[in-house]
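Please read the structure below before turning to the comments.
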Amino acid sequence: SALKDSRFPPVTRDELPRLFCSVSLLTNFEDVCDYMDWEVGVHGIRIEFINEKGSKRTATYLPEVAKEQGWDHIQTIDSLLRKGGYKAPITNEFRKTIKLTRY
């Protein structure tokens, strides 16, 4: 992904000395009944939803993402929906249809 991930510009030679690598082990997956049942900065979340075209889509954020961005629950969920390709307006009713797994 350092060179061929369309979401990011390629890493340059000047950036190499400042790069670091980390590994996240995703464990303790728990399906929850409410899309708000997770803690910012504690849980990673994976959402599953049906997009406006009727296709099942998923998206995930590691536990640190929402905290680093300064997002609350709704901002995080909405960002994940966009990350997963949802293009329609996001309503509270739609958020309630999301299947959320925390880890």
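Assorted remarks:
- Residues of the range 31-100: accessible area per residue with a 1.4 Å probe, Å²: 59 Å²
- Helix 73-83 vs. the chain, principal-axis angle (Cα, 0 to 90°, nearest 10): 70 degrees
- For the chain, the number of Lys pairs with C-alpha atoms closer than 20 Å, counting only pairs eight or more positions apart or on separate chains, is 14.
- Zero-based 10 Å bins, Cα pair distances in the chain, whole percents: 13, 40, 31, 14, 2
- The mean sequence distance of close C-alpha pairs (under 8 Å, at least 6 residues apart), as a share of the length of the range 31-100, puts its relative contact order at 44 percent.
- Helical contribution to [θ] at 222 nm, DSSP H n ≥ 4, -39,500 (n - 2.57), averaged over the chain, rounded to 500: -5500 deg cm²/dmol
- Seen from residue 59, the other residues with C-beta closer than 9 Å to its C-beta sum to a net charge of +3, counting Lys and Arg as +1 and Asp and Glu as -1.
The values are calculated or read from the model by the stated rules, or taken from the named source; none is laboratory data. Just so it is clear, the structure is predicted and the values come from calculations on it, not from any experiment. Methodologically, a virtual Cβ is constructed for each residue, glycine included, from the backbone with ideal geometry; neighbour enumeration extends over all protein chains shown. Accessible surface is based on the protein model in full, side chains and every heavy atom, while ligands, DNA and RNA are left aside. Shrake-Rupley method; radii C 1.70, N 1.55, O 1.52, S 1.80 Å.
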